[in-house]
Amino acid sequence: MNLYLFNPDHDMALGNNSAYYQAPASALKMANDLSWLPAWVVPDADSFVALPSTGRLEEWVQTLPVCPRAEWGCLTDGWGRCREIHPWGWNRALVHRLKEQGVADALLPGDILLEERRFLASRLRAVELLSELADAPGRCGVSRACRSLEEINEELKPSYEGCPTPRKLLKAPWSGSGKGLRRLDSGKLEEPVANWCSRILSAQGAVVVEPYYQKVADFAMEFYADGAGKVSFQGYSLFNTDANGAYKGNFLKSDARIVAALSGYVPAALLAEVQQELCVRLAAMLGQSYVGYLGVDMMVCAFEQAPFYRLHPCVEINLRMNMGMVAHRLYTRWLSPRSEGIFRVDCFKTPSDLQEDHRRQEKAHPPVVKDGRMESGYLSLTPIGAGTCYRAALWAIPLSGKL
């Protein structure tokens, strides 16, 4: 049996890199509220989803119009029967926590493998990969790893590179979604940002500096690494983010329709070309050090000179399970072929706000299910209880366009 668990603080734990890292309250709350999410995307057979508590979960499961068949329960109910553990991502803090709960060392990665995976998960690897991908017709992207304030200031000097704005984006090598980023609208490193850079340089050794491109579309290519030197393409993810770059949700569409939407800006042949290149280059980069899913975030960017739209082929590498892969699985497993949809993760200020919205969505968009798949309507993918603030949900929309 394979055991699955959701630890969305993974990226922050990598940045901290301590076995004793304590996630912020918001990350712990998200992990608790959304802990059932993996059940929708793991195989029906031979899977166990580990939860922080089960509470009245059985009662909620009975109300679902469609329902996964994976087993679920507390970690202590499952780890003794499992062959492998599959978290959102491995880090020192998670390994330490699982050891404290009695999980056998044989089920956990060792220190050397943890360090290799942390190295591979750094944004510095995205800098390296981008340098191999960007210099070709129809593509764009410049990214520099700076190891001092002097190098950062040098990168902030005006440069053209076809980018229609002098704005820059600064990134920490490790951080959570939408975190560890600073935008500069001028070429000056003002004191607050300079202090932030100094802290990141001291803690993580580098700051990544990039042009702030005029983004038209966010999307990703999803892959699977088998740990034996092979990386295979899994599908596309078309998503949106908030003003700070944090993930908000996905459009649930077939790969063909995602490519059709993107090809209004960049040629479909270019997307296929980059996909094939990534399978080769990621395999060389990961070797036998990583087994699991990963996503490469990309953008379509607008320019003032022809070609007016270009493909940025490597904005981020998410070396872990990710929401794009979740969305792809939701589409292929739970949506009718006659429908598309929206997958979204929301955070509400209070549990009562979430409960009110949940009731409103259920009334306005009752689920319609045929042959075990959603044709239309709203479905919360995670239980909503008295203290819940986070929700993962999907809305199925018939291709006719009526929700």
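Please treat every number below as a calculation from the coordinates, not as lab data. As the structure is a computational prediction, the values presented were derived from the model and not from experiment. So basically every Cβ, Gly included, is an ideal-geometry build from the backbone, and we count neighbours across all protein chains shown.
Tabulated values for the structure
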{"quantity": "Value of relative contact order over the stretch 142-211, rounded to a whole percent, pairs C-alpha under 8 Å and six or more apart", "calculated": "50 percent"}
{"quantity": "Radius, Kirkwood style, for the chain when every pair of distinct Cα atoms is counted (Å)", "calculated": "22.3 Å"}
{"quantity": "At most 16 other Cβ within 10 Å, DSSP loop - trypsin sites (Lys or Arg not before Pro), the stretch 57-87", "calculated": "Arg69, Arg83"}
{"quantity": "Global size of the stretch 153-285 as Cα Rg and Dmax, reported in angstrom", "calculated": "17.6, 47"}
{"quantity": "Quarter of the Cα convex hull surface for the stretch 313-403, i.e. its orientation-mean projected area (nm²)", "calculated": "7.6 nm²"}
{"quantity": "Spin-label proximity, Val216 to the stretch 299-320 - amide N less than 12 Å from point 7 Å beyond Cα toward beta carbon", "calculated": "299-312"}
{"quantity": "Taking all pairs of distinct alpha-carbon atoms in the stretch 12-146, Kirkwood radius in angstrom", "calculated": "17.8 Å"}
{"quantity": "Residue-averaged 222 nm ellipticity for the chain, from DSSP H runs of 4+ at -39500 (n - 2.57), nearest 500", "calculated": "-9500 deg cm²/dmol"}
{"quantity": "Highest-fluctuation residue, Ala39, Ala272, Ala145 considered, GNM on the chain with Cα pairs under 10 Å", "calculated": "Ala272"}
{"quantity": "Given charges at beta-carbon only (K, R positive; D, E negative), |dipole| of the chain in Debye", "calculated": "560 debye"}
{"quantity": "Charge dipole (the chain, unit charges on Cβ, about Cα centre) - positive-most of Pro43, Tyr247, Gly180", "calculated": "Tyr247"}
{"quantity": "Out-of-range pairs (alpha-carbon distance over 32 Å; input Lys253/Lys349; Lys29/Lys230; Lys230/Lys370; Lys99/Lys168)", "calculated": "Lys29/Lys230; Lys230/Lys370; Lys99/Lys168"}
{"quantity": "Loop-resident sites, the stretch 342-374, for trypsin sites (Lys or Arg not before Pro), counting at most 13 other Cβ within 10 Å (DSSP)", "calculated": "Lys349"}
{"quantity": "Bins of 10 Å from zero: percent of alpha-carbon pairs in the stretch 214-327", "calculated": "14, 46, 32, 8, 0"}
{"quantity": "The stretch 1-98: chymotrypsin sites (Phe, Trp or Tyr not before Pro) in DSSP coil with no more than 14 other Cβ atoms inside 10 Å", "calculated": "Tyr20"}
{"quantity": "When the convex hull of its Cα atoms is projected in every direction, mean area for the stretch 142-211 (nm²)", "calculated": "4.4 nm²"}
